[in-house]
Structures are given as structure tokens and as C-alpha cells.
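The values are calculated or read from the model by the stated rules, or taken from the named source; none is laboratory data. Only a predicted model underlies this, so the values are computations on that prediction, with no experimental measurement involved. Heads up, the Cβs are rebuilt from the backbone with ideal geometry, glycines too, and the neighbour counts pull from every protein chain shown.
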């Protein structure tokens, strides 16, 4: 074909020509061949094995299957949950166990560390060694489902050797606020999440080992005098926010320097937002009354994996804290530990964290993760479109006319800052990271170790996540509740329950912070925009004053012709687009829950309970 007859249509290759030119791509081949692909869904032949004609889970297969990121069918998961729930229901609130035994603290979804220490060379082969777990198997880590399913499978195979207590995170309130619910729904379904919640309600609350060690997740409270008091609790329910049930799962020993001889036995737990701090004297009184030697508990991250508090007169530590999640949240840098008790000898074994597959925050896929960064670039373009003035022009107009034209630039800057603040929130889990890091894909994760260099800094940065989360309620229900109770003061509690959320939560920022910031900023933006769009433009057009615009090329000279009606219409259109953007922002922000409303709900509920 002559060169002068070549057209775009003639340059388009047909399908056969494309295949001939480029070849056929084998879509079954992995691009990254260095990393083993995850396992698929387990077959029933692999999942079950027969024990005297009774189907039981194949724990050896499941250990490796979960290690290779494999999944189960929902029927297989429900089989485990229903069977293990039936076993838990037969157990008392307090388990009575004997040595030898290995005691494990918080796991928090760190499956690869769990299987690392449950070996013959460390904590003991789980099929041959008795274990006691102190609770908190879920949240913060992204392998909570695997932790529970493997432990439940072990429980079915060895019901008297795998003993599992309930922690404060084994509740609907916390799993909904942190990561377990979203993990369940991403890996399986809401149906599986609900089934897990039912199992949580059946788990025992405490254990006594060799009539010497009282084992519990959190600690003791003022309502606990005898271990037998625990058997009076109806544990088949959600964890309450006060009372003995709450104290067993939420209480902490008094921090160093907060107690003194003759002082109160229990102090309000300001860090947790519920339950108490129990003093050394309270512990000694409880141990003596029940003929025990020590309290063994979890619930708090420890730099060395464990800690021992002040010794009693029997030369035993009054409280022993065990934490079995090393490098907690991938940022604490702590060790994990387990305790082995032989009947005569107490031994603590610590270990470092194991490598695990990488997941984006909230188990997001790459496309969902990248959307905030794409939207930020779109906001850059929006700012360029809406910023109709150049700096020189704003200065000149403001100086000569005395009119508040400069407010237009301020308004647009305010909108842009607001969108930057509320748009890519999900980009970083650590809300204390600098903005310049949270706005760059992939750089925030590598910068966290430098920004939080040690265990104490990590614990301080994350301390708000150790608190009982606020109860999240739909705004419509809260308003109806307030109207019924005659409560309309929403300002008071806005700062009381504002939370800075960091690692291991599903909240990209706290409801209080988002709602309050959005309302204040949108009010200011709307007010300024109304002034500009309605008053300024109309007054200028009516007075025949030129409406500034951004011409192509040089700025319009003061001596040039007034703007045409077309130019005025263009300016009006720009302001209308500005107002439309603001209305869209307001519509989005109406979906956020109000922290003030939640605070009032909490306060009123507490008043009614009292």
C-alpha cells in the first residue's frame, strides 16, 4: 500500500495477526516463580481421617495446609466449630488441670509463630503434650482464622489435652472493631464469623493448675473472693463491661509506682476504660484465701515475652504475665514466650518472630489498596481545575477593588487539604506517621521501624487500642434514642471518646475524629463557598465589575474589555461545580457514625445499668 494511503484503520492488526506476532501467553504460569503459590481448598479426603469409624480432622495435614495459606470449605469449617463448641459446653467455667503442662499467652492471629513453638523441641508436640491457652487468639494479626481452626482441630483430637480459655478479644464487640470480622468475611463469609462468635461464648473462663496456679486472661476484681465464685457466672453470653465476668478478662495488675501500703486494693483501670487495676495486697489476699501460689495471666505485651511481679511470702511471683505473640503487630519488636510446668520446676522459653506472608491492611487487594492514591491524583487535577485564579491576579484584584477575592483561593486550599486528609485514610495503619509518608505507596511500612524504634515507643503509640472500643451504633438509631431520652447535647463527649487508631484495626480513623473534622471543615467551606458563589459573583455581575478568570496565555489587563456573558457563565459553572463537590462530600460524611452520639449512648446505658 502506498505510504500516502496508510490510515489508522489499516494499522490495526487482526486477532490472528496479533497471535502470530506476539505468541500465545500461558496464563497458568506465575510471573513471580520464586514464591510458592498458596494452596487451594482442602478436599474432604485430605481434611478428614477415620478414628474407629468416627471422622476427625487430620491435624498434620491442616498444619501444613494453613502454613501454605490454604483454605477449607465452609462445611469443613462448620464441622470444626460445631464439634468443638459441643466439647466446650461440657467443660466448667474453671478447669482443673495438672502437670506437666505448657501455658501459652496471647497469640493474636500470629499462626506462623504458633506452629513454630508448638513443636517437640520447644513447647512440646501438641499430640503428646498438654497445653493451656490463656485467650486472645484473634485480632491484630491476619491469620486468626488459621490459629483457631488448627487449635480447634487439635481440641477435637485431644479434648483433655488442649485447653483454651476465653480472652477479651473473643467477643463480638472487639472482633467487629478490630480485624477478625473482616478476616472471616474475606476468607469465608459472615456465616462463618457468626459461628465463631457462638463458639467464643462457650469457652471456659479460668483454670487452676495443680491447685497452685490460678490461670486467667486478665486477672481478678473486687467481686472475686473464691475461685468457686467463677462457676456462678453465666459465661454463654457476650463479655459485659463491668462485673466479675469483665474483670477476669480485662483487669491488669497495678502499674509500678501506682500503689502504696495501706492503699486501695483495686483502682479504676484508666487505660482499658473498664474493669480495675488490682494491687499486690489484693493478689496476696486472694491467693491466701484460696490456697494458691501465683496468678498466671496474659493480656499485656511484654518485651521479653513474660514478666514476674513482686514475690509473695512463699517465694513465688504474685503475678506472672505471659505473652506469646513476638513482634506484636509486626512493630513491637518484643519476644514471645511460653511457660512449662513440670510439677516441680517452672521454665520460661522465649522465641523470636517467624516470617509470614504479607497482607495489605484489612486484607485489601492491590486494586482496593491503590484507589486512595489514584483518588489523590484526581484531587490534584480537581484543584487545578477549580483554582481559577493565579497568585498575581488574586493579589492585584484584592488590592485594587478591596473585595475578598483572595478568599476563593483560601477556600480551594481548604477543600484540597480536607480531601487529602479524609481521602487516602486507609493507606496507613499507624495514624501517627507523617503525612508525607502516608501519601506514598509502600514507603510507610518501611519507615515504621525508624519512627517507632523500640518496644516502649510502640506500646505508647498503640496504647489507645488496648482500650475498650466505643459501641458503634447507626446514627439514625442514636438520634431516635436521644429524642426518646431528651438528650441533645452532642458536644460534650466529642473529645472523651475520640480515638487515634493504629495497628490492627479496621477503622482507618476513629469515627469521632472523622465526623468532627468533616463537620467543622465542611461548615467552613460551605460558608465561604456560599459567600463567593452567591454574593460575590452576583454583586460583581450586577455592578458590571469583571469576574476574574484564568485566560490562556497572559493575564487579562485592567484596560481590556469587560468579560463577555459567556465568560461570566463559565465562572458561574465553576462555582456550581464547587458546590456540587461540597454536597457530595457532605453526603459521604453523613455515612460516618457520630462519636458524640455513641458517647451519649454509652453514658445513658451505663446510667440505666447502675
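Summary table
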| item | result |
| --- | --- |
| Unmet criterion (only one of (1) under 23 Å from residue 221 (Cβ atoms); (2) in contact (Cβ under 8 Å) with a residue 12 or more places away in the chain) for residue 362 | (1) |
| Hey, residue 367 loosely packed, with under 10 Cβ neighbours inside 10 Å, at pLDDT below 90 and in a helix (DSSP H, G or I) or not | yes |
| Those residues of the range 101-125 which are more than 15 Å from residue 340 (Cα to Cα) and crowded, with 22+ Cβ neighbours inside 10 Å, in sequence order | 106, 107, 108, 109, 110, 111, 113, 114 |
| Any chance residue 173 is closer than 26 Å to residue 321 by Cβ, under 17 Å from the mean Cα position of the chain (by Cα), in contact (Cβ under 8 Å) with a residue 24 or more places away in the chain and surrounded by fewer than 24 Cβ atoms within 10 Å (Cβ to Cβ) | yes |
| Subset of the range 136-158 [touching a residue at least 60 places away in the same chain (Cβ under 8 Å), part of a loop (DSSP other than H, G, I, E, B), more than 15 Å from residue 67 (Cα to Cα) and in contact with a helix residue (DSSP H, G or I) (Cβ under 7 Å, 6 or more places away or on another chain)] | 139, 140 |
| Selection status of residue 375, at pLDDT below 95, under 20 Å from the mean Cα position of the chain (by Cα) and outside any loop (DSSP other than H, G, I, E, B) | no |
